[in-house]
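K.L.:
Have a look at this one before I ask anything.
The values are calculated or read from the model by the stated rules, or taken from the named source; none is laboratory data. These numbers come from a predicted model, not from an experiment. For neighbour counting, all protein chains shown are included, and Cβ atoms are generated from backbone atoms with ideal geometry for every residue, glycine included. Each accessible area value is taken on the protein alone, full model and side chains, heavy atoms only, with ligands, DNA and RNA left out. Shrake-Rupley method; radii C 1.70, N 1.55, O 1.52, S 1.80 Å.
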Amino acid sequence: MTKLIVDGKEIDVPAEYTLLQACEAAGAEIPRFCYHERLSIAGNCRMCLVEVKGGPKPVASCAWGVRDCRPGPNGEPPEISTRSPMVKKAREGVMEFLLINHPLDCPICDQGGECDLQDQAMGYGVDTSRFAENKRAVEDKYLGALVKTSMNRCIQCTRCVRFSAEICGAPEMGATGRGEDMEITTYLESALTSELQGNLVDICPVGALTSKPYAFAARPWELGKTQSIDVMDGVGSAIRVDTRGREVMRILPRVNEAVNEEWISDKTRHVVDGLRTQRLDRPYIRENGQLRAATWQEAFAAIAARTGRIDGKRIGAIAGDLAAVEEMFALKALLAKCGSANLAVQGGDAFDPGAGRASYIFNPTIAGIEQADALLIIGSNPRKEAAIINARIRKRWRSGQLKIGVIGAKADLTYDHDHIGAGTDSLNDVAAGKHSIANVLKGAKNPIVLIGAGALARQDGAAVLALAAKIATDFGAVKDGWNGFGVLHDAASRVGALDIGFAPGGLNTAQMTTFGTLDVLFLLGADEIKPADGTFVVYIGTHGDRGAHRADVILPGAAYTEKQGLYVNTEGRVQMADRAAFPPGEAREDWAIIRALSDVLGKRLPFDSLGALRQAIFKSVPHLMRIDQIQAGNAADLKKLAGKGGRIDKTPFKTSVEDFYLTNPIARASAVMAECSRLATGQMLTAAE
């Protein structure tokens with residue numbers, strides 16, 4: 001630790017700190033534009049100037065290390081001043097320079113009210129300028145469907161350039177020209193390819209990069225703000241949902257160091273327009289092959305007429321990717337009263353909840369990736385399945401301490417890796433120790449074996465899972481103080497479903513969708529399922545997607561922004577989504593629909609409120625009451641799982657997410673996501689040519 005005196009206050013800070021970090025540790029506020037704690041240091045805006053006692057001029061605190069400060073003549077600690085007349089005058093001068101070319105766009109700028117330049121001009125600038133020259137003009141750049149540019153406002157802080165190269169791993173932005181002619185551009189004027197590009201808008205300190213879909217839609221002070229959780233993938237990123245009246249206007253990230261740091265994926269951020277398009281707002285019944293609008297009573301009566309006279313074992317339920325724990329628990333309870341255990345969650349057939357929690361969660365945790373020194377990825381493309389986790393892997397890889405091997409389809413994962421092979425032969429070779437990655441795993445202190453949903457959604461998924469667990473236990477990924485076996489789920493509902501036992505106790509998904517096995521099938525937002533002909537399908541969901549097209553009765557539910565719900569992310573962290581708006585028309589919260597239906601079916605469920613339902617859930621699965629905590633899996637369960645074995649097919653692995661932007665009903669209803677998908681597909685075709 002090094003002693004410093006900041007504004008007369010003595011503090012101890014690590015020698016590797018910059019002066020900016022040291023001053024903030026002492027409670028001083030340092031303005032900045034180019035500095036960002038998650039990016040490399042550029043030192044080019046000079047707004048963070050401070051005075052070092054004995055120095056002839058102010059220094060840029062972001063680029064000056066604590067270890068570079070010299071002690072006083074008698075060995076006194078270095079003295080830093082952040083409020084001296086020299087510093088005040090210097091900051092006013094820097095602000096005056098920054099505003100020479102900055103246009104007076106504040107009344108029409110989307111950044112207005114949330115702009116660092118506005119705030120710091122008020123706090124550290126002056127109210128006049130000595131420059132009368134014409135402001136320079138810069139042509140706006142095309143960056144794709146998500147980021148709108150007004151490059152006249154750019155102050156060349158280069159945050160966007162560093163973010164693209166360092167966090168995204170897609171170094172598509174840079175600066176051309178020098179001095180007054182310097183411009184930030186994408187060189188080829190093509191759309192950005194990263195799944196994290198929406199974060200450029202958050203890190204831009206001025207209005208040069210703003211959100212294209214949100215352009216001129218609302219002002220920040222008009223919006224109600226609700227803290228919630230994202231359900232577009234299995235990560236459970238912390239988000240803030242901004243609403244005006246009944247309408248969701250935008251989604252922004254919240255800081256959560258353990259999960260998403262301060263980034264969110266583009267699908268999380270820009271799926272907003274899908275929440276208001278193609279919505280189901282009233283019940284429907286199919287008559288003579290055509291759907292017609294109906295009342296709730298008619299819809300319930302139609303279901304009762306079909307279910308009342310059949311054997312309970314011929315009723316089944318499949319939950320979709322976006323289902324919350326509450327409605328799955330209620331549906332499970334309803335089917336139990338009907339005498340059925342035919343339950344499944346999309347993509348979850350390979351897992352057995354009885355095998356223990358360690359067999360289906362990401363045991364090393366998302367933050368734990370930063371301790372890993374070896375990583376084997378099996379049948380997964382984290383860039384498409386969990387862009388935020390991919391960024392975390394890249395962050396660790398950039399430290400130079402992570403070696404990565406991949407078994408599965410070839411892909412650009414934004415970091416260097418050893419592609420071992422595409423199929424199960426390669427997996428067997430690694431298990432037998434025939435590949436060098438086996439030695440890397442054995443020699444690593446904290447190795448991770450990551451298996452993706454694509455490798456487990458196959459017929460032999462359970463056997464592949466057992467073999468992956470065997471590799472993890474044999475090669476030291478599971479040991480005292482470290483559990484490196486991780487399942488990367490691509491759906492928000494899956495871990496919660498497995499926690500409450502919403503898993504095959506009778507028929508599995510494949511059997512339930514085989515002709516002649518079921519008479520009635522409940523689809524709880526399950527749109528990737530193709531029910532068999534002749535099955536009576538009840539669809540509870542939000543959008544007119546594939547599930548609704550096949551349904552005989554449609555019951556309109558609430559989207560994730562329109563209900564309170566518990567979700568469990570891929571690492572087993574219990575999270576709570578909050579209601580930001582209300583469902584449209586006659587749509588209702590899913591658990592309430594199931595509760596009302598149970599009355600009509602004569603199988604009344606024992607809860608009348610969300611509180612009572614949650615009490616029943618917590619009584620059944622106690623760890624679900626511990627919000628934002630992870631109930632760790634038992635490593636001993638993995639040894640049992642590893643011993644299960646099973647026959648494995650020769651088919652190569654493929655990712656579970658072919659199109660990152662169109663993975664669920666909300667995303668498929670979004671025009672913005674459709675445009676992103678079109679651009680991404682076009683770029684892939686161009687690259688292939």
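K.L.:
Would you mind pulling out the separation of the Cα centroids of region 476-529 and region 274-324, in Å?
P.N.:
If you average the Cα positions of each part, the centres end up 22 Å apart.
K.L.:
Across region 274-413, how many lysine pairs, 8 or more positions apart or on different chains, have C-alpha atoms separated by under 23 Å? Please give the number.
P.N.:
Numbers: Lys313/Lys332; Lys313/Lys337; Lys384/Lys395; Lys384/Lys403; Lys384/Lys410; Lys395/Lys403; Lys395/Lys410.
Lysine pairs satisfying the spacing and distance rule in region 274-413 number 7.
K.L.:
Multiplying the sequence separation of Met1 and Thr295 by 0.36 nm and subtracting their Cα-Cα distance, what value in nm do you get?
P.N.:
Details: separation 294, 0.36 × 294 = 105.84 nm, distance 7.07 nm.
The span from Met1 to Thr295 would gain 98.8 nm if fully extended.
K.L.:
Using alpha carbons only, how many degrees (0 to 90, rounded to 10) separate the axis of helix 387-398 from the longest principal axis of the chain?
P.N.:
Approximately 50 degrees, to the nearest ten.
K.L.:
With every protein chain left in place, what is the accessible area per residue of the chain in square angstrom, probe 1.4 Å?
P.N.:
On the way: 28100 Å² over 689 residues.
For the chain, the solvent-accessible area averages 41 Å² per residue.
K.L.:
Just the projected area, averaged over all directions, of the convex hull on the alpha carbon atoms of region 478-552: how many nm²? Before the final figure, lay out the partial values.
P.N.:
Numbers: hull surface 26.8 nm².
The orientation-averaged projected area of the Cα hull of region 478-552 comes to 6.7 nm².
K.L.:
Find how much the distance from Arg136 to Lys9 grows on full extension, using 0.36 nm per residue of separation minus their present alpha carbon separation; answer in nm with one decimal. Present the calculation step by step, with values, prior to reporting the outcome.
P.N.:
Values: separation 127, 0.36 × 127 = 45.72 nm, distance 4.35 nm.
Taking 0.36 nm per residue and subtracting the Cα distance, the gain is 41.4 nm.
K.L.:
Same structure again: Could you calculate the contour length gain from Tyr187 to Cys106, that is, 0.36 nm times the residue separation minus the distance between their Cα atoms, to one decimal place in nm? Write down the numbers at each step before the final one.
P.N.:
Numbers: separation 81, 0.36 × 81 = 29.16 nm, distance 2.82 nm.
Gain in length upon complete extension: 26.3 nm.
K.L.:
Further, regarding this structure: For Tyr360, Tyr124, write out the residues from largest to smallest accessible area, computed with a 1.4 angstrom probe and no ligands counted. Show your work: numbers first, answer last.
P.N.:
Working: Tyr360 10, Tyr124 50 Å².
From most exposed to least exposed: Tyr124, Tyr360.
K.L.:
Give the shape of region 554-689 as rounded, prolate or oblate, defined through the alpha-carbon gyration tensor: a ≥ b ≥ c are the square roots of its eigenvalues, a/c under 1.5 means rounded, and otherwise the shape is prolate if a/b is larger than b/c and oblate if not. Working shown, then result.
P.N.:
Numbers: a/c = 2.13, a/b = 1.21, b/c = 1.77.
Oblate.
K.L.:
Assuming R0 = 22 Å, what is the FRET efficiency of Ala532 and Glu287, from their Cβ-Cβ distance, to the nearest 0.05?
P.N.:
On the way: r = 21 Å, r/R0 = 0.95.
With R0 = 22 Å, the Cβ-Cβ based efficiency is 0.60.
K.L.:
For the chain, how big is the tail of P(r) above 48 Å, as a whole percent of Cα pairs? Spell out each step's value before the answer.
P.N.:
Details: 53999 of 237016 pairs.
Considering the chain, 23 percent of its Cα-Cα pairs are separated by more than 48 Å.
K.L.:
Separate question: Can you send over the solvent-accessible area of Lys403, 1.4 Å probe, protein chains only, in Å² to the nearest 10?
P.N.:
130
K.L.:
Hey, another quick one. Normalised by the number of residues in the chain, what is the relative contact order in percent for Cα pairs under 8 Å and 6+ residues apart?
P.N.:
It rounds to 15 percent for the chain.
K.L.:
Let me ask you something else. Helix 296-307 versus the longest principal axis of the chain: what angle, 0 to 90°, nearest 10, using Cα atoms?
P.N.:
Value to nearest ten degrees: 50.
K.L.:
Indicate the gyration tensor shape class of region 376-427 (rounded, prolate or oblate), computed on the Cα atoms with a ≥ b ≥ c the square roots of the eigenvalues: a/c under 1.5 is rounded; otherwise a/b larger than b/c is prolate and the rest oblate. Don't jump to the answer; show the numbers that get you there.
P.N.:
Values: a/c = 2.44, a/b = 1.47, b/c = 1.66.
Oblate shape, in that a/c is at least 1.5 and b/c is the bigger or equal ratio.
K.L.:
Quote the FRET efficiency, to the nearest 0.05, computed for Ala411 versus Glu370 with a Förster distance R0 of 25 Å and r equal to the Cβ-Cβ distance. Mind showing how you got there, number by number?
P.N.:
Numbers: r = 22 Å, r/R0 = 0.90.
It comes to 0.65.
K.L.:
Separation between the Ser609 and Asp418 pseudo-spin-labels, each 7 Å from Cα along Cα→Cβ, expressed in nm?
P.N.:
With each label point 7 Å from Cα toward Cβ, the separation is 5.9 nm.
K.L.:
Ranked from the most accessible area to the least, with a 1.4 Å probe and all protein chains present, what is the order of Phe582, Phe536?
P.N.:
On the way: Phe582 115, Phe536 20 Å².
These residues rank, largest area first, as Phe582, Phe536.
K.L.:
What ranking, highest mean first, results for peptides 472-481, 236-245 when packing means the other Cβ atoms within 10 Å averaged over each residue? Mind dumping the intermediate values first?
P.N.:
Numbers: 472-481: 18.4, 236-245: 21.1.
Descending packing order for the listed peptides: 236-245, 472-481.
K.L.:
Quantify, in whole percent, the carbon and sulfur part of the accessible surface of region 1-152 (1.4 Å probe; protein heavy atoms only).
P.N.:
On the way: 4280 of 8240 Å².
About 52 percent, which is the carbon plus sulfur part of the accessible surface.
K.L.:
So how much accessible area does Arg626 have, in Å² to the nearest 10, using a 1.4 Å probe?
P.N.:
Here the accessible area works out near 90 Å².
K.L.:
Please list Ile167, Ile389 in order of solvent-accessible area, largest first, computed with a 1.4 Å probe with all protein chains present.
P.N.:
On the way: Ile167 25, Ile389 0 Å².
Solvent-accessible surface, decreasing: Ile167, Ile389.
K.L.:
Computing the accessible area with a 1.4 Å probe over protein heavy atoms, can you report the carbon and sulfur percentage for region 561-637? Can you show the working numbers first?
P.N.:
Details: 1630 of 3270 Å².
Carbon with sulfur: 50 percent of the solvent-accessible area.
K.L.:
To continue, here is another question. Classify region 543-603 as rounded, prolate or oblate from the Cα gyration tensor: take a ≥ b ≥ c as the square roots of its eigenvalues, call it rounded if a/c is under 1.5, otherwise prolate when a/b beats b/c and oblate if not.
P.N.:
Because a/c hits 1.5 or more and a/b exceeds b/c, region 543-603 counts as prolate.
K.L.:
Just from its helices, what would the mean residue ellipticity at 222 nm be for the chain, if runs of 4 or more DSSP H residues each count -39500 (n - 2.57) and the sum is divided by every residue, rounded to the nearest 500 deg cm²/dmol?
P.N.:
On the way: 22 runs with 187 residues, N = 689.
Theoretical 222 nm ellipticity from helices: -7500 deg cm²/dmol.
K.L.:
Still on this structure: Can you figure out the FRET efficiency of Arg240 with Ala218, using R₀ = 22 Å and their beta-carbon distance, to the nearest 0.05?
P.N.:
The value I calculate is 0.95.
K.L.:
With all protein chains present, calculate the accessible area of His435 using a 1.4 Å probe and round the result to the nearest 10 Å².
P.N.:
50
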